[in-house]
1. From the label point of B:SER66, set 7 Å from Cα along Cα→Cβ, how far away are the matching label points in the other copies, in nm, ordered shortest to longest?
2. If N is the number of residues in the protein assembly as shown, what value comes out of its Cα radius of gyration divided by 2.2 N^0.38 Å?
3. What number of lysine-lysine pairs in the protein assembly as shown show an alpha-carbon separation below 24 angstrom, given a sequence spacing of 8 or more or placement on distinct chains?
4. Subtracting the Cα-Cα distance from 0.36 nm times the residue separation, let me have the gained length for A:ALA138 to A:GLU89 in nm, one decimal.
5. Inter-copy label distances at B:ASP12, 7 Å along the Cα→beta-carbon direction, one decimal in nm, shortest first?
6. So what is the relative contact order of chain B, in percent, for Cα pairs below 8 Å that sit 6 or more residues apart?
7. Mean residue ellipticity at 222 nm from the helices of chain A, using -39,500 (n - 2.57) per DSSP H segment of n ≥ 4 over the full residue count, to the nearest 500 deg cm²/dmol?
8. Give the nm distances, rounded to one decimal, from A:LEU78 to the matching residue in every other copy, measuring between label points 7 Å along Cα toward the beta carbon; shortest first.
Protein chains: 2
Amino acid sequence: MLVPMVRVNTRDEILRVAAEQFAHTGYKGTSLQDIAAEVGCSKATLLYHFASKDAILAELTAPAASELAELVAALEPLDDDAAQAAAIEGFVDLVLRHRREAALVYSGIPKFITEPAFAGLLPHTEALCAAFAGRSAAVAACVAAEVVLTGIVTVVIDTDRDAAELRAALIGVARRALLSPSDSPHDKD
Amino acid sequence: MLVPMVRVNTRDEILRVAAEQFAHTGYKGTSLQDIAAEVGCSKATLLYHFASKDAILAELTAPAASELAELVAALEPLDDDAAQAAAIEGFVDLVLRHRREAALVYSGIPKFITEPAFAGLLPHTEALCAAFAGRSAAVAACVAAEVVLTGIVTVVIDTDRDAAELRAALIGVARRALLSPSDSPHDKD
DNA sequence: TCAGAGACTGGCCGATCGGTCAGAAAGTGG
DNA sequence: CCACTTTCTGACCGATCGGCCAGTCTCTGA
């Protein structure tokens, strides 16, 4: 046989394990030692394949980041309503494709998103948030957009629900949440 | 003067600074050194006032945790609709009272909530989530509840919006998001 | 056969982590 | 004045962190 059978590709395996560990224990909470142990190699091997721990994170989040950039670009020419609808479906699908990586970016730590690995990502999330808000600057619309955006990302990470079912539920809640506040239900009190 | 003027209460100051740092950089991302430097005392002083770093976290989150327990208890006797309404308002107010601490609990790391400092907190968040979902076990309802719960907590942490305005916006988006999926808007595609 | 390349590792580095401890400094009551 | 408590600190601890490096494998092509 031409390919070693015990491990097809150490580099990919490192990425896979790192994605799991980062998502579960956090970036700072995961050590290279932890990843190496799970992969079944030495810590030095990690740093042979990757320049640094940060480099692992960067490569891990790169695909999701570029897909986000594409989504935002595709949204731009659309009118407000169409952009909102496309943003909801596009983002839900994107997040479901990259559950762990997406959750990593929004790990609840404001500082985190400003790290070098995520440089240039912030404008895209802001554009997406604006699309969610129907490009309104109203506080209610912006807050709703932020709740939906962060809520979706946080939820998908450790749920074991079926993807199709999850997708439908996420799109549903996003549509409802992002309805114009004037269409809001029983606005008593 | 009877009280030293440069610092009223070192212990309280430590808690205040720790709350800021934890919320901004994360629990694991904040060292005792960092906190001590900001407070203006030595690291040993932190550990004179608190048994450990975990103890700081525990004391920091204790008030919010007990208030959550009270809220959940108050919800229990209510019928489904009333419980949902009360849960929304009660939780939004609770989170606004404890912005940084609440965000700390939901720091995006699944592992985190299982830490000793938060022992016994999980059942309460689950009960609250159930109330959000109108005590329905349907996937759509549960997912919506989770999105709202985590979204709210994540949003409040680093926004500088006015509390009253934020409160109205959060309650609004929560009500909309938690509408029964059957009342959902334009369910095309 | 052997030189070279790629994959990998043990051992080590300085830095920093949370935490301990003996003791200094500053008040307080007798 | 002294004994005592409270508050605080510098020095230090073992462990672990991310990262580095010399060297060891295995495979491959000339």
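Taken together, the values in this text are just the output of simple stated rules run on the coordinates, not laboratory data. It should be emphasised that the depicted structure is a prediction, and the values quoted were computed from it without experimental measurement. As a convention, Cβ positions derive from the backbone with ideal geometry for all residues, glycine included, and neighbour counts pool all protein chains shown.
1. So the label point of B:SER66 gives 5.3 nm to the other copies.
2. Numbers: Rg = 21.8 Å, N = 378, 2.2 N^0.38 = 21.0 Å.
This ratio for the protein assembly as shown stands at 1.04.
3. So the count of such lysine pairs works out to 22.
4. Values: separation 49, 0.36 × 49 = 17.64 nm, distance 2.26 nm.
Full-extension gain reported as 15.4 nm.
5. Label point to label point, same position, other copies: 5.9 nm.
6. Working: 156 pairs, mean separation 38.7, N = 189.
Worked out over chain B, it gives 20 percent.
7. Numbers: 9 runs with 123 residues, N = 189.
Result for chain A, helices only: -21000 deg cm²/dmol.
8. 3.6
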